[in-house]
Amino acid sequence: MFLSVFDVFKIGIGPSSSHTMGPMTAAGHFLALLRQDPLCSQAAAVSATLHGSLAFTGKGHATDRAVALGLLGWAPATFDFDAAERQLDELGRSHLLHHEGLPPLLFDPAADIVFDYGPPLPGHANGLVFRARDSAGAEVLAETYYSIGGGFVVTAREREAPAGAAETTSWPYPFANAAAMLRMARESGLSIAEMKRANEIHRQPADEVDRGLARLWSVMNGCIERGLTQEGELPGGLHVRRRAARIHRQLAAERLANRSQPHAATDWLSVYAMAVNEENAAGGRVVTSPTNGAAGVVPAVLRYYLDHCIGAEPGKIADFLLTAAAIGGLIKHNASISGAEAGCQGEVGSAAAMAAAGFCAVMGGSPAQVENAAEIALEHHLGMTCDPAAGLVQVPCIERNGIGAIKAVAAASLALRGDGSHFMPLDNCIEAMRQTGEAMNERFKETSLGGLAVNLPEC
């Protein structure tokens with residue numbers, strides 16, 4: 001099993017990796033598929049139907065906007081807000097898509113994006129179907145996609161028969177679970193980051209890996225910096241105000257006056273995470289870590305390490321990210337990182353496990369201690385539901401990232417106080433998360449039909 005660090009961490013836009021980035025990517029895939037179809041010259045119109053969680057919380061997550069942007073040709077990693085807005089305005093007037101290799105296609109986002117509130121499609125809670133029709137209304141091409149979390153998209157066929165099961169032997173360290181990861185670390189004498197790096201450079205040059213990791217941290221840290229300076233109300237109608245900038249000013253003033261309380265360390269972790277998730281809620285540029293809804297945890301813990309920990313070394317940023325990605329890959333491979341599939345335990349829980357592992361590694365932890373740190377962090381998120389108010393990635397998501405970052409550091413600290421031996425293996429904890437997500441009622445899995453989402457104060 002190999003999932004690249006650049007798959008776990010992807011540069012994109014908010015507010016949701018599964019509800020914004022995934023549908024945008026799926027739309028681009030459908031255009032490419034249509035270009036390859038022998039009947040593409042007959043296509044005259046396109047439409048999209050959103051199912052399951054994509055329908056129930058699609059408005060709050062701007063899924064319809066993401067689909068329109070994808071059909072205009074935009075991808076999350078190359079998104080230009082101003083240019084995209086101009087194209088959306090023009091599409092609203094013309095209702096026409098113009099792409100090289102395709103005839104002009106009728107598409108009115110207001111009418112041709114359908115929210116289906118019936119049962120979800122069988123393959124995943126986040127399903128969407130694209131269709132192309134000719135001028136008489138006959139179907140030319142249709143494809144079903146599933147947005148499975150973290151910006152990953154698969155077709156229905158790929159979901160039913162996933163490829164790549166035989167490729168595991170081609171990687172230097174093909175660990176598919178934590179037990180194999182620890183065994184390979186013992187046998188090789190390498191750290192988890194070193195094994196993960198060896199896998200990465202097996203498919204691309206080492207300098208490209210280094211540049212890519214540096215780019216990831218640059219975007220993560222830039223997102224923190226933007227979030228620490230922005231004020232005002234977040235979009236969406238909940239009237240949630242940004243708090244990170246104000247809290248950051250308070251913390252900086254207290255530190256300057258030498259009157260910080262000991263627990264201020266947790267406030268720094270929270271404010272870094274909240275800065276990221278306020279940016280995400282505003283539709284800004286973030287890095288999936290492993291999702292947008294949980295994008296603040298890993299950057300917050302890494303920034304905390306660099307700015308607050310004695311002996312911190314910037315040269316260890318890559319080790320942090322590689323270690324975190326190794327754990328994220330195990331969770332995605334053996335359970336889920338999708339809130340619509342596993343609840344928030346799959347998002348913030350996974351992010352906390354990843355951050356705990358990365359932090360433990362750069363603080364000198366052994367592979368066994370790193371595995372222990374990840375397990376502690378994940379264990380104490382088990383059962384967490386995904387119940388965003390109004391389908392927006394704001395309440396409770398922004399604060400939840402801060403608490404996830406605090407849990408990650410606490411978990412790593414506990415693991416570092418031990419020798420790596422512990423009762424509950426990470427693999428068993430991941431399986432417990434998978435089973436819990438499978439048994440969780442769909443009202444608590446990113447549909448906004450239960451929990452906090454329906455227990456709101458009267459206006």
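What residue, of 410, 389, 374, is more than 27 Å from residue 55 (Cβ to Cβ), modelled with pLDDT of 95 or more, open to solvent by less than 10 Å² (accessible area, probe 1.4 Å) and not acidic (Asp, Glu)?
374
Could you run through the range 241-282 and say how many residues are out of contact with any Pro (no Cβ under 6 Å at 6 or more places or on another chain), surrounded by 15 or more Cβ atoms within 10 Å (Cβ to Cβ) and under 24 Å from residue 82 (Cα atoms)?
Residues meeting the conditions: 6.
Looking at 37, 112, 82, 108, which one is at pLDDT below 95 and among the acidic types (Asp, Glu)? I'd like the intermediate steps shown before the answer.
Values: 37 fails: at pLDDT below 95; 112 fails: at pLDDT below 95; 108 fails: at pLDDT below 95.
Within the list 37, 112, 82, 108, the selection yields 82.
What are the residues in the range 286-314 that are aliphatic (A, V, I, L, M), surrounded by 24 or more Cβ atoms within 10 Å (Cβ to Cβ) and not in a loop (DSSP other than H, G, I, E, B), if any?
286, 287, 297, 298, 300, 301, 302
Return the pairs, sorted by first residue and then second, in which the second residue is open to solvent by 20 Å² or more (accessible area, probe 1.4 Å), the first residue lies in the range 213-229 and is closer than 19 Å to residue 78 by Cβ, the beta carbons are less than 6 Å apart, and the residues are 6+ apart or on different chains.
From residues that are closer than 19 Å to residue 78 by Cβ, the pairs are 219/11.
Out of (1) open to solvent by less than 30 Å² (accessible area, probe 1.4 Å); (2) modelled with pLDDT under 95, what's the single condition that is false for residue 59?
All conditions pass for residue 59, except number (1).
May I ask you to say which residue of 150, 222, 212 is of a type outside the set (Phe, Trp, Tyr) and over 19 Å from residue 317 (Cα atoms)?
Working: 222 fails: over 19 Å from residue 317 (Cα atoms); 212 fails: over 19 Å from residue 317 (Cα atoms).
Being of a type outside the set (Phe, Trp, Tyr) and over 19 Å from residue 317 (Cα atoms) holds for just one of 150, 222, 212, which is 150.
Looking at this structure, is residue 362 modelled with pLDDT of 95 or more and within 15 Å of the chain's Cα centre (by Cα)? Before the answer, list the steps.
Working: modelled with pLDDT of 95 or more: yes; within 15 Å of the chain's Cα centre (by Cα): no.
Considered against the rule, which asks whether it is modelled with pLDDT of 95 or more and within 15 Å of the chain's Cα centre (by Cα), residue 362 comes out as no.
Considering only the range 120-136, state which residues are over 12 Å from residue 52 (Cβ atoms) and touching a residue at least 40 places away in the same chain (Cβ under 8 Å).
Residues satisfying the conditions are 130, 131, 132, 133, 134, 135.
Within the range 226-285, track down each residue that is acidic (Asp, Glu) and assigned to a loop (DSSP other than H, G, I, E, B). I'd like the intermediate steps shown before the answer.
Start the filter on the range 226-285 by keeping residues that are acidic (Asp, Glu), which leaves 231, 233, 254, 267, 278-279.
Across the range 226-285, the qualifying residue is only 231.
Assuming residue 162 fulfils every condition listed in (1) outside any strand (DSSP E or B); (2) at pLDDT 95 or above apart from one, which condition is it?
Among (1) outside any strand (DSSP E or B); (2) at pLDDT 95 or above, residue 162 violates only (2).
Within the range 34-43, is there a residue that is in contact (Cβ under 8 Å) with a residue 24 or more places away in the chain, open to solvent by less than 30 Å² (accessible area, probe 1.4 Å) and over 29 Å from the mean Cα position of the chain (by Cα)?
The answer is yes; a qualifying residue exists.
Go through the range 230-251 and give me each residue that's free of Cβ contacts under 8 Å to residues at least 60 places away in the same chain and among the small types (Gly, Ala, Ser).
232, 244, 245 - these are the residues of the range 230-251 that are free of Cβ contacts under 8 Å to residues at least 60 places away in the same chain and among the small types (Gly, Ala, Ser).
For the condition outside any loop (DSSP other than H, G, I, E, B), open to solvent by 50 Å² or more (accessible area, probe 1.4 Å) and closer than 30 Å to residue 182 by Cα, what is the one hit in 208, 200?
208
Can you name the residue in the range 421-449 that is of a type in the set (Lys, Arg) and within 26 Å of residue 59 (Cα to Cα) and, of all such residues, is most open to solvent (accessible area, probe 1.4 Å)?
Let us first name the residues in the range 421-449 that are of a type in the set (Lys, Arg), namely 434, 443, 445.
Subset that is within 26 Å of residue 59 (Cα to Cα): 443, 445.
On the way: 443: 110, 445: 27 Å².
Per the criteria, the residue is 443.
The rows are residues; the columns are (1) among the aromatic types (Phe, Trp, Tyr); (2) assigned to a strand (DSSP E or B); (3) surrounded by fewer than 23 Cβ atoms within 10 Å (Cβ to Cβ).
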| residue | (1), (2), (3) |
| --- | --- |
| 12 | no, yes, no |
| 20 | no, no, no |
| 27 | no, no, no |
| 30 | yes, no, no |
| 48 | no, yes, no |
| 54 | no, no, no |
| 64 | no, no, yes |
| 82 | no, no, yes |
| 90 | no, no, yes |
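Residue 349 - would you say it is surrounded by 24 or more Cβ atoms within 10 Å (Cβ to Cβ) and over 30 Å from residue 240 (Cα atoms)?
For residue 349, the condition - surrounded by 24 or more Cβ atoms within 10 Å (Cβ to Cβ) and over 30 Å from residue 240 (Cα atoms) - is not met.
The values are calculated or read from the model by the stated rules, or taken from the named source; none is laboratory data. Source: prediction; values computed, not measured. For neighbour counting, all protein chains shown are included, and Cβ atoms are generated from backbone atoms with ideal geometry for every residue, glycine included. To get the accessible areas, we keep the full protein, side chains included, count just its heavy atoms, and leave off ligands, DNA and RNA. Shrake-Rupley method; radii C 1.70, N 1.55, O 1.52, S 1.80 Å.
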